[in-house]
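The values are calculated or read from the model by the stated rules, or taken from the named source; none is laboratory data. A quick note: this is a predicted structure, and the numbers were derived from the prediction, not measured. Neighbour counts run over all protein chains shown; Cβ positions are idealised from the backbone, glycine included.
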Amino acid sequence: MDLLKRLSEIPSLDRIAMEQAQARMDNIAKPMGSLGFLEQVIVKIAGLIGDADVRLDQRAVVVMCSDNGVVREGVASTPPVITRVMTENMAKDQTCVCVMARQVGAGVIPVDIGMFEPASVPGVMDRHVARGTKNMAEGPAMSMEQAVQAIETGIALVAELKNQGYQLLAAGEMGIGNTTTASAVASVLLNKPVEMMTGPGAGLTDEALQNKKAVIRRAIEINKPDPGDPLDVLAKVGGLDMAGMCGLYLGGALYRVPILVDGFISAVSALVAKRLCHASFGAMLPSHVSAEPAGPMVLDALDLLPLITANMRLGEGTGATAAIALIDMMLHVYHEMITFADIGM
């Protein structure tokens, strides 16, 4: 619990840096506010890092990889071995997020935070807390101690990457069955019916989707997670990947590193972080709104407005990676465009 105890140290966003960034933005020779949310992102980053000279030259997508015991209930369209296969493909630079990340100069860092089986290739960071979670339809997915350890793993990883020079991170995930856990956590935290929060994930049939909803309802009924205690909810019906991403957001706020929120699972993890420590919101940057039915509701609860609406639902950090390209363009405008003063206005 040592790192979690430090969350009270998180300062507010630097208002002076934000005012300076906003003044620069307003003086650029274009209609004021005309680049919308992109302008707001740069100003928020300035407030987080405490400097209006925003530079994000070194960036990475951190992909938390783990397995979920609830897959035994038939909630996924693919077998759990796919988690390890896809994680190993990330290490080989072969998955979708890897291809996309190359285009924006970002590294991809796959992290085994709880896969059933360890990776058999180099390049996967081993930070496993357990070899997968237990079946939440029969009892808690993990112990409170495991949930805390996974969160603190994410926090510590931000410190480690910052020391290596990284200035921007994106929170991605890989784990068969994790839309089930994310839907369960979202249903409890937002006090919404399971039916409203649960989608087909990677492509379930209608019959399988009904089973998925029934499994989530059973998990919530058996475990009785306390909606007022986000740690309790995470431990009982969440996943190790979600706990790790929760830690990334908390670590981003603690160590002043902006963290891009990806899709549904990443956003639900951000919601857990925000409920644990409201100040963590200062490190959260939006990317896209997931095609999962609860995607817009979770972003609304986070008070984040998406930069991209493209009906994406792949995960891995792909939506966040796409947003890096937009942020880069905004940074070029911010640093390179002429100002009203330059043209005598």
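Of note:
- Any chance residue 145 is within 13 Å of residue 174 (Cα to Cα) and not in a loop (DSSP other than H, G, I, E, B): no
- Every pair of residues 6+ apart whose Cβ atoms lie under 8 Å, when the first sits in the range 217-241 and is at positive phi while the second is at pLDDT 95 or above: 224/236
- Tabulated pairs, the range 24-39, first on the phi > 0 side of the Ramachandran plot, second modelled with pLDDT of 95 or more and assigned to a helix (DSSP H, G or I), C-beta under 7 angstrom, 6+ apart or interchain: 33/39
- Look at (1) modelled with pLDDT under 95; (2) at positive phi and you find that residue 2 fails only one, number (2).
Matching residues to (1) surrounded by fewer than 17 Cβ atoms within 10 Å (Cβ to Cβ); (2) touching an Asp or Glu at 6+ places or on another chain (Cβ under 6 Å); (3) free of Cβ contacts under 8 Å to residues at least 60 places away in the same chain; (4) assigned to a strand (DSSP E or B):
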residue: 132; (1), (2), (3), (4): no, yes, no, no
residue: 139; (1), (2), (3), (4): yes, no, no, no
residue: 151; (1), (2), (3), (4): no, no, no, no
residue: 183; (1), (2), (3), (4): no, no, no, no
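- Count of the range 293-345 residues which are part of a helix (DSSP H, G or I) and either touching a residue at least 40 places away in the same chain (Cβ under 8 Å) or not aliphatic (A, V, I, L, M) (or both): 26
- Count of residues meeting criterion [touching a strand residue (DSSP E or B) at 6+ places or on another chain (Cβ under 6 Å) and among the hydrophobic types (A, V, I, L, M, F, W, C)] in the range 221-248: 3
- Any chance residue 178 is out of contact with any helix residue (DSSP H, G or I) (no Cβ under 7 Å at 6 or more places or on another chain) and either small (Gly, Ala, Ser) or assigned by TED's automatic domain parsing to the domain that holds residue 261 (or both): no
- Pairing each residue of the range 258-275 that is assigned by TED's automatic domain parsing to the domain that holds residue 170 and within 13 Å of residue 300 (Cβ to Cβ) with any residue that is assigned to a helix (DSSP H, G or I) and aromatic (Phe, Trp, Tyr), provided the two are 6+ apart or on different chains, yields C-beta distances under 6 Å for 270/249; 274/281.
- Whenever a residue of the range 2-15 is of a type in the set (Lys, Arg), its partners that are surrounded by 10 or more Cβ atoms within 10 Å (Cβ to Cβ) and not in a loop (DSSP other than H, G, I, E, B), lying with C-beta atoms within less than 8 angstrom and at least six residues away or across chains, give the pairs 6/254; 15/47.
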